[in-house]
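Each remark here refers to the structure printed beneath this line.
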Amino acid sequence: MKDSHDLIKHREIRFCHLHPDSNQARSALLLLSDADGIIDIKHVNELCLYVSYDVRMLTLQAIEDVLARIGYHLDNRLLTRMKRSLYSYSEDTQRANLGCSDSTDNTTMIFVKRYSNNYHGCRDKRPEHWRKYL
């Protein structure tokens, strides 16, 4: 059996400074703090987060994909891209060796939680039995 210490990954997520939100790391911290699989998340500065997560539930690639889809600008300097590729390969290999599925349920739940917390006009305040009537 694998040591649980090997399954907890500690990674750095860096953001690009060319974004309207000058403090992307703080807003990303608020978004990711209640995601399943995230063990710890720390705000380092306006452009950097330290994330600890369980590789059986999440990967760095899944976290960064969610952030990019929402509109965050990740750092794409050469060294950062190389680290990202290495982490992606090693985490995918480790998950395959553990027999973990490639399910994206956890990353989908980040979107669902964000959508449910936003105010929008798609909520009907009437009780379920009243919705059939005009």
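Each reported figure results from applying straightforward, stated rules to the coordinates on display, with no laboratory input. Keep in mind that what you see is a predicted model, and the values were worked out from it rather than measured. Here the Cβ is made from the backbone with ideal geometry for all residues, glycine too, and neighbour counts use every protein chain on show.
From the list Glu64, Glu91, which residue is surrounded by 13 or more Cβ atoms within 10 Å (Cβ to Cβ) and under 13 Å from the mean Cα position of the chain (by Cα)? So that I can check it myself, show each step before the final result.
Working: Glu91 fails: under 13 Å from the mean Cα position of the chain (by Cα).
Only one candidate qualifies: Glu64.
For the stretch 75-85, give me each residue that is assigned to a helix (DSSP H, G or I) and surrounded by 11 or more Cβ atoms within 10 Å (Cβ to Cβ). Even if it seems obvious, please write down each step before you answer.
Pass one, the stretch 75-85, residues assigned to a helix (DSSP H, G or I): 78-85.
Correct list: Thr80, Arg81, Lys83, Arg84, Ser85.
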Quiz item: Out of curiosity, is Val55 crowded, with 19+ Cβ neighbours inside 10 Å, within 17 Å of the chain's Cα centre (by Cα), touching a residue at least 12 places away in the same chain (Cβ under 8 Å) and closer than 21 Å to Asp6 by Cα?
Solution: yes
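Condition first: in a helix (DSSP H, G or I) and either among the polar types (S, T, N, Q) or in contact with a Ser or Thr (Cβ under 7 Å, 6 or more places away or on another chain) (or both). Now tell me which residues in the stretch 20-30 satisfy that.
Gln24, Ser27
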Filter the stretch 31-49 for residues that are touching a Lys or Arg at 6+ places or on another chain (Cβ under 8 Å) and not in a loop (DSSP other than H, G, I, E, B); the one that is nearest to Ala68 (Cα to Cα) is Leu31
Condition set in contact (Cβ under 8 Å) with a residue 60 or more places away in the chain and of a type in the set (A, V, I, L, M, F, W, C), scope the stretch 8-37, selection nearest to Arg56 (Cα to Cα): answer is Ala35
